[in-house]
Amino acid sequence: MYPFEWLVAWIMYLWHGAFTAIGLPEAGGWTWTLSIVGLVIVMRAALIPLFVKQIHASRKMQLIQPEMQKIQAKYKGKTDPDSRQKMTEETMALYKDSGTNPFSSCLPIFVQMPFFFGLFRVLNSLDEIGSGAKAGIGPITQQVAAQAESSSIFGAQLSAQFLGTGGGISVKVVTITLIILMSLTTFTTQYQLMRKNMPATALEGPFAQQQKMMLYLFPIIFAVSGVYFPIGVLIYWFTTNVWTMCQQFYVIRRMPAPGSAAEKAMQDRRRKAGKSIDTPEETRERKHDAEMAQELEAKGVISGQRQQPTSKKRAKKKGGPPPKSGSSSAVDEDRPRTDN
């Protein structure tokens, strides 16, 4: 973890130097808080390409939902081990053939985790580094660590924890407030993703159930684990949640998923405003969605959306039901015509 600790320390230190250069106090708690916010900005800006990749992966997951539903219907009501295993194998084969991953939406979280724990280690080490019991981390020398250790917001030190021995009521109030804000921002982000940016067909099946579980599971995780983290880490967590929520809101409003409620709302807004031409972002996304669909159809992963009509004569050759008497529309198509 040391390389991540070192990188986190340098990013925070450089932001701290920038804020002190414009007049903020070096030992001020808000100066160090803004440095943590600056750390989030740098990290999330670097993850924008990964976020774009995540959007495209989510779109591809929506494209294969009809095939997923076919597999589910095939094994519906079958609870024996062999059927469950075959269903899992066919589902995994579909993921492999289409190049999708049901956990792709978690990629930004996984990439951030080393830096998250790097910040946790840096803040937890401030006391020891400041007292000289531990060596510094990058630019966080003994003097800088002692300065950061003594900084506070609303009477709570940034390195203090809810279950710690110091800080008193201020630490507990600030911690609980941050945990509530973290939970609300996470719930809002997941809720608007599920209810606004997913078509109705994507709200069914295992993938949708997984998303619904995450909707209520993450706030519980924050509430349970938040009491063990320093306030500075909670500030990082809350700030990155706000970034995610705003980023998701922009994508849903400007580049909604096809067939979703957000797309219908966007079309309504454009009709009311008298606009009918797609924006460049929408054009690119629609083109990319069409290319993905063509790619999956070429591989045989998904079938075409339109089915050509079949005459009764061809249907009979394929084993279909014989034509009913009195029906003339389909029969007359294949009957030789005679003109009087």
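In table form, for the structure just shown:
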{"quantity": "Given LYS60/LYS264; LYS53/LYS78; LYS60/LYS86; LYS74/LYS96, the pairs whose alpha carbons are separated by over 31 Å", "calculated": "LYS53/LYS78"}
{"quantity": "Isotropically averaged projected area of segment 13-79, using the convex hull of Cα atoms (one quarter of hull area), nm²", "calculated": "8.2 nm²"}
{"quantity": "Computed label-point distance, nm, for sites ASP82 and ILE176 using a 7 Å Cα→Cβ extension", "calculated": "5.8 nm"}
{"quantity": "Computed lengthening from ARG253 to THR20, 0.36 nm per intervening residue step minus Cα-Cα distance", "calculated": "80.1 nm"}
{"quantity": "Local electrostatic count, SER150, Cβ distance below 12 Å [Lys/Arg +1, Asp/Glu -1]", "calculated": "-3"}
{"quantity": "For peptides 93-100, 148-155, sequence by mean Cβ density within 10 Å, most packed first", "calculated": "148-155, 93-100"}
{"quantity": "Heavy-atom accessible surface of segment 1-153: percent carbon and sulfur, 1.4 Å", "calculated": "64 percent"}
{"quantity": "10 Å binning of all Cα-Cα separations within segment 1-153, expressed as whole percents from 0 upward", "calculated": "10, 28, 20, 14, 13, 12, 3"}
{"quantity": "Förster-model FRET efficiency, 35 Å R0, VAL42 and GLN69, C-beta, rounded to 0.05", "calculated": "0.25"}
{"quantity": "Dimensions (Å) - segment 135-192, Cα atoms, principal axes, largest first", "calculated": "45, 29, 18"}
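The values are calculated or read from the model by the stated rules, or taken from the named source; none is laboratory data. Nothing here was measured: the structure is a model prediction, and the numbers come from that model. Quick reminder, even Gly has a Cβ in these numbers, built from the backbone with ideal geometry, and neighbours come from all protein chains shown. Areas reflect the complete protein model, heavy atoms only, side chains present, ligands, DNA and RNA absent. Shrake-Rupley method; radii C 1.70, N 1.55, O 1.52, S 1.80 Å.
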